[in-house]
Amino acid sequence: MAESVPTMESSDEEEFYDATESFPEQNCEKGENTPPTAQSDYVPPPEVTVLNADQETVSLGLPLTDHSVGYKLQVDYSCDTHRDSLITKDYGTVKVEGLNPGTEYTFSITRIADNGSQSKATSLSVFTEPSPPAQIAVYQASSESLSLRWDPPVGEVESYIVTCCSEGETVQELTTDTNNLTLSDLKPGACYSLHVSAQHRNGRISKATVKSAHTKTQLESFLEDLGLERHYTEKLSLSTILQIDEKTITDDTVKCNSDLPWYLLKKLMMVNVTARNVKFPSMCESNCWNQSGITELDLDNLVNSPHSGDMLNPLDIITALFLCSDGFVQQEMALKMSMCQFAVPLLLPNCDTKQCTLMLWALRDIVKKYRPQSLSESKGFIENRIVVSELPMISFVKLGECSLSKSEILNKLLSNSQQYHDTFVHHDMECGDSPRRISNGLAETTWYLPCGNKNMDVFSEPVAVANLRGDIASFETQFSFLCQTSEAVFVFFDNLDSECKLLINQNHKAQIFLVGNHQSQRFSVNGLKKVATELGLTNSNILLKTKHMNDADFVKILRNTIRDVVENSKMKMGIEKMADIAHELGIRVDEDCSECQTAKKNANAITAEIQDIVSYKEAQLPLQGQIWKDLTCLEKEEFRLRKGGFENIEKYKSDLQVQKNKLREKQNSYDMSHAITCFINAISSPGIERCYFLKWMRMNLDNLSREKLSGLREQYKNKYKHSENKEEIKDIDRQLSNSSLGTEHFFREMGQIYEASVSLPETDPSRKQLQHLPRLCAQLLLDGFPIELVDGDASNIPLRWVSDVLYQLNDLVSPKNKILVVTVLGVQSTGKSTLLNTMFGVQFAVSSGRCTRGAFMLLIRINEDLKKALNCDFM
């Protein structure tokens, strides 16, 4: 309590006196009418009432007395820790201030006459109003709990009452004697009103202090466990996951949950098939029964040993990474997962929004090569992007609880007798039995593509396989999508009694097959008959695992059924065409973002005009044709001087320079083509749109040239290995060069346009308009896009172009940074790109730059014969 003397306030209108109990004013010195000396002879104040008691003030009320006689009141008050008093005239109301909240005070009121005589005291006890707890803080929140603490109020607090409300209703009410508490068993992503009251020793309860708080959603809680919560809004980019740092070059073990996503990404970028094994090494060791030092029986230790339920499910980590990555990381992850023969996300769920996304863009970069039975004799093959390949899709879903492991059966179904592979994560894999937290609703897909060998092929024709995680009763949208895009849907179940409406009410374009476990105690023949009858199914649409059937027999029956479906398939659909169905069902498509669509439009505007690659290059990219090759020959001769004969050297050099100038004039006579104009405008667009554009360009150009180039490459390999006719090899090589068209050709044309413009006067408007091109390409180089240093067709380096680009690059990274150069030379198809991709995490078509610790590394791949390169066949 404050040290200042308490004050008393009284009413100016109601002074009161009681004539029967007061003392007349006398002159004591004269001895006239001297009042009695004993205190007991005076009547104490009448009954005192408590008018109000708040946290720091108590107001007392006294009855009115006669105004003709005056006296004062002495109010003594005390608590366990403090004692004080005040003297005031007798008014109707006495207010005592500066008290402690939630404290019991004893008040003693005594009358004091003007002559100093005192009456007996009237006493009473009063509790001040307890103050509520202050500054409630929620210091930890999960998807199912809230941990809060508060500052203890002043006063003698015996306990605290914490009430948790949601939507106006009390959810929990708990009592604690400490100033912190954790509320458990709450709903994820819900808003709660938290009321904290203090209960004092006298039983009085303070007013409640209120605080609103949200539990984390399932997704927020899981991302926090992984340390990825920031990347849910600030998406992971390729520059982040491919950067070279200490973690990249070391092989440290996983120590905590936040290490898991980076461990998985690192292994995935290296195309390591163990990437999904995300259990801590220490956990694996502790689970080993043969631990060193244990020489006696200890069943309790075995029973209570750690288990994978304490770990995170690989599907949850993969789902989290896709949700926290931009489109280019998603595309890279999907490509590497496909190379590892892992199932890739087709429908990506968001457990917070209850929406899913069709991963069309993420799967666009996957190219598959296979040989169906029809091409087995001719040894031909089909190579195409998987999203545009029209294949029958077979989907597998689960209804209710199911005793059969759908994913494990699928792995056995897709594996031939010589080799088993875990395409889908299942219960018996590392951490596969850990409860799934955010990946339910995930629809994965993989593709079975035959090689043309009857002894090895499980299916003779290509087929897409989709697997929906979770119960279709909770994911009707995903189930509807699969029913409308699949040739057949296999529904795994144990009991159909309560869920038959879900199957019957669907708009099925697919054939429905019911897959049940007759050995399950929940299996009901009547429920199966009812659903089969309403769906019009026959025995061929029902597959039951009976008690006389093991997994191998059951998989064989399932495989024969799918083989019949695939061979008689009438519904074939590429993922690209599934986008229309997704939109109808309210499913997002990852390609719907404006940057991706604008970039696609710009790329299509260029590539749609291409009918014949050779004629297109002559019309739209003329500067890199024969003129550039002639210039290359003149430049080589200018340095070698092998054809001058006995002519004067200086005159010969002068003649060569004249010829070069004429060729440059011829180059400058060409107007910039429409394709190059569009290309330069597109790469000048903002960063993300530019990235989408270059990716669309690369994919479109690859699609155009793939059919012809694939055959030529096979011919080249065969001739190179078995033929000694060098002219045939050169002819195929020439056809490869003429039939190839990639983004490097557009950059090559830009370089030639710039080189030609340099020969113009500095004041020429055409030259000034092109001065920005080197800096534009330097920015692309910093962003990780390749730039061609050596023209492989002409075997020449556009020196002025490359010099100016590197000069701008040096300016962008500032002169204090070092640029390290790593060069790899070697003959074609000897693993140069694989080496660099694995070492530096790049995507080599040609070269790319990556930043590490203030230095910049330039990676150079020379795609020419090593012997020719060392003999300086090009400049």
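Solvent-free Debye calculation, one equal scatterer per alpha-carbon of segment 722-777: log10 I(q)/I(0) at 0.19 Å⁻¹ equals -0.73.
Here segment 361-424 is treated as a Stokes sphere of Kirkwood radius computed over C-alpha pairs; at 4 °C and 1.567 mPa s its diffusion coefficient rounds to 87 µm²/s.
Pairwise Cα separations in segment 588-659 fall into 10 Å bins from 0 onward with the following percentages, short to long: 15, 26, 17, 17, 13, 8, 3, 0. Which entries in 660/768; 629/662; 509/577 show an alpha-carbon gap greater than 20 Å? The answer is 660/768.
Within segment 644-765, the ratio Rg/Rh, alpha carbon atoms throughout and Rh by Kirkwood, equals 1.12. Hey, how much of the P(r) for segment 128-251 falls beyond 16 Å, as a percent of Cα pairs? For segment 128-251, the fraction of Cα-Cα distances above 16 Å is 67 percent. When all protein chains stay in place and ligands, DNA and RNA are ignored, the 1.4 Å accessible-area order of 420, 754, largest first, is 420, 754. Taken about its Cα centre, segment 339-416 carries a charge dipole of about 140 debye when Lys and Arg each add +1 at the Cβ and Asp and Glu each add -1 at the Cβ. Residue ranking by accessible heavy-atom surface, 1.4 Å probe, largest first, among 670, 448 comes out as 670, 448. The Stokes-Einstein estimate for segment 401-487, based on a Kirkwood radius over Cα pairs and taken at 25 °C with 0.890 mPa s viscosity, is a diffusion coefficient of 169 µm²/s. Per the Cα gyration tensor, segment 736-805 maps to an equivalent ellipsoid with semi-axes of 22, 15, 10 Å, ordered largest to smallest.
For segment 678-791, a crude dipole built from +1 on the beta carbon of Lys and Arg and -1 on the beta carbon of Asp and Glu, taken about the Cα centre, is about 260 debye to the nearest 20. Listed by chain and number, the lysines whose C-alpha is less than 19 Å from the C-alpha of residue 454, apart from same-chain residues fewer than 8 away, are 369, 379, 412, 556. Computing the accessible area with a 1.4 Å probe over protein heavy atoms, can you report the carbon and sulfur percentage for segment 434-513? Accessible surface attributable to carbon and sulfur in segment 434-513 totals 41 percent. Classify segment 534-603: rounded, prolate or oblate, from the alpha-carbon gyration tensor (a ≥ b ≥ c, eigenvalue square roots; a/c under 1.5 rounded; otherwise prolate if a/b is larger than b/c)? In terms of gyration-tensor shape, prolate. Using a probe of 1.4 Å, the accessible surface attributed to residue 469 totals some 10 Å² when neighbouring protein chains are kept in position.
Can you compute the equivalent ellipsoid semi-axes for segment 595-635, i.e. the square root of 5 times each eigenvalue of the Cα gyration tensor, sorted largest first and rounded to whole Å?
The equivalent ellipsoid of segment 595-635 has semi-axes of 30, 13, 5 Å.
Bridgeable aspartates and glutamates around residue 601 (alpha carbons under 19 Å apart, same-chain partners fewer than 8 residues away excluded): 365, 576, 580, 590, 591, 592, 609, 689, 702. The convex hull of the Cα atoms of segment 70-183, projected and averaged over all directions, covers 10.2 nm². Farthest toward the positive end of the dipole of segment 557-706, out of 697, 596, 687, is the Cα of 697, where the dipole comes from beta carbon charges about the Cα centre. The phi torsions of segment 105-112, fed into the Karplus equation with coefficients 6.51, -1.76 and 1.60 and a -60° offset, translate into couplings of 10, 9, 9, 10, 10, 10, 8, 10 Hz, rounded to whole numbers, with Gly and Pro shown as x. Per residue, the solvent-accessible area of segment 440-525 (1.4 Å probe, heavy atoms of protein chains only, all protein chains present) comes to 35 Å².
I need the fraction of alpha carbon pairs in segment 541-580 separated by more than 17 Å, rounded to a whole percent. Of all Cα-Cα distances in segment 541-580, 51 percent exceed 17 Å.
Rg and Dmax of segment 158-218, both derived from C-alpha coordinates alone, stand at 12.3, 43 Å. Rounded to the nearest whole angstrom, the semi-axes of the ellipsoid equivalent to segment 604-703, taken from the Cα gyration tensor as √(5λ), stand at 38, 14, 13, largest first.
What fraction of the Cα pairs in segment 404-452, stated in percent, has a spacing above 14 angstrom? Roughly 59 percent, once rounded to a whole number.
Sorting the segments 213-223, 187-197 by their mean number of nearby beta carbons within 10 angstrom, highest to lowest, gives 213-223, 187-197. What you get for segment 424-580, charging only the Cβ of Lys and Arg (+1) and of Asp and Glu (-1), is a dipole of about 300 debye around the Cα centre. Estimated translational diffusion coefficient (Stokes-Einstein, Kirkwood radius over Cα pairs, 10 °C, 1.306 mPa s) of segment 315-374: 128 µm² per second.
A simple packing score, the average count of other Cβ atoms within 10 Å per residue, orders the peptides 729-742, 349-362 as 349-362, 729-742, with the highest score first.
The values are calculated or read from the model by the stated rules, or taken from the named source; none is laboratory data. Worth saying up front: this structure is predicted, and the values here are computed from it rather than measured. All Cβ positions, glycine included, derive from the backbone under ideal geometry; neighbour counts span all protein chains shown. Ligands, DNA and RNA are excluded from the accessible area calculation, which covers all protein heavy atoms including side chains. Shrake-Rupley method; radii C 1.70, N 1.55, O 1.52, S 1.80 Å.
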